[in-house]
Structure formats: C-alpha cells, structure tokens
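So the structure is just underneath, and the comments pick up after that.
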Amino acid sequence: MNEHLENLKEIRSLMERSSKFLSLSGLSGISAGVCALLGAWYAHQKIHIEGLYLLFDPTVRQEVVPLLLVDALLVLVGALFFGILFTVRKSRKQGLNVWNSTSKRLLFSMLVPLFAGGIFCLGLLYNGFFWICFPATLVFYGVALVNASKYTVHDTYYLGLGQIILGLISLFLARWNLIFWAMGFGVFHIIYGAVMYFKYDRTAPKS
C-alpha cells in the first residue's frame, strides 16, 4: 500500500514539474526587493532635494525625471541579473533545464502585460503625467504576475494581487506614490522571496 502511495506521489511530482516552472528562487525575490529599495531611496533623495510637491511642475520634471528613469533602469537590470543568477543556480541543483516549454510559457505570459505597461507608461511620460507611472507600474506588474502564476507556484498569484491593490490605492494618493512603489517592489518582494526560500528552496529535491 505504501509503495503505491509513493508511486502516486512521484507521478504527481513529475506531472507538476512538467506543467509548472518550479525553479524560481526565493533569493531572486529578496534580491529584487533589495534593489528596489535602494532605487527608491535614491529617488527619494532626488525628489526630496527638489521638493516632493514640485514634481507636478513641468520645469522640475524635466530635470528629475531623466535621473529617475536611469535609476529605474538600474533597478531593473540588477533585479534581472540576480533573478537569473539564483534561478539558474537552483535549476542546476534540481537537475532541471531552466529553458523549457513551461518557462517559455511563463515568460510570454509575463511579457505581454509588461510590454503593454511599458508602452502605457511611456505615453504617460510623453503627456506629462509622471506621477501616475508609479501606480501604473505596480498594476501592470501585478497583472503580469497573476497571469504567469498558472505556470509556477501559486504564491506568485498573491504577490501579483498585492501589487495590483497597492497600485490602485496609490492612484488616489499621488503624493505617497514612491512609498507605495517601494512597498510593492521592495518590501513585498522581500517577504515573497523569504516565504519562497523557506517553503521551497530549502526543501527542493536535488538531482
């Protein structure tokens, strides 16, 4: 009886591995959160120096926005670098191929909302609605996570839902947008990464 149960568990595990990408590392989430908090700290320094409420002034935006765009780009590059590094490392420990049909579906399901969100934010910047970019990035990123959660662990769904909720609240509290952004991309990612690490990484099977 026990042998049959073990066989069923093994079959279930193999089916789950084939249908879901389970090599996302909790350390990727933690590192992404740390990068976001560092970026938010830099952005706060620039906004604080120029005056938080003066961001609504077109002249100030011309000076500050390019710096913040570079800041956001560096945060993205750092998060992607460490995310790929820790995910590849976990995949190798598990004896799995990081680039397969499931990871491709996961990536595509995220890229569609992210690409649409990126174009949307560029349109906001072009038309001078800089402060709406903060909640917009949270909402579109949250939609991307919810959309991709069916191809990976379900915890990703709750992270995405949290990002969407924060972004929607941030729409009505424009003066606190940076704080909400830091909470979503920073604090939420660190919490999510810690949960992922202790829930999956430490118990991940090795090849």
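Coordinate-derived values only; no laboratory data. It should be emphasised that the depicted structure is a prediction, and the values quoted were computed from it without experimental measurement. Don't worry about glycine lacking a Cβ; one is built from the backbone with ideal geometry, like all the others, and counts go over all protein chains shown.
Highest mean first, what order results for 24-31, 83-90, 129-136 on Cβ atoms within 10 Å?
24-31, 129-136, 83-90
Is segment 65-136 rounded, prolate or oblate when judged by the Cα gyration tensor, a ≥ b ≥ c being the square roots of its eigenvalues, rounded requiring a/c under 1.5 and prolate requiring a/b larger than b/c?
Note, shape of segment 65-136 comes out oblate.
Tell me which trypsin sites (Lys or Arg not before Pro) from segment 125-207 have a DSSP coil assignment and no more than 13 other beta carbons within 10 Å of their own.
Answer in residue order: R202, K206.
Quick one: which of 157-169, 66-78 comes out on top by average Cβ neighbours within 10 Å, and what's the full order, highest first?
Answer by packing, highest mean first, reads 157-169, 66-78.
Take the alpha carbon atoms of segment 77-207, find their radius of gyration, then divide it by 2.2 N^0.38 Å using N residues; give the quotient.
Output field value: 1.14.
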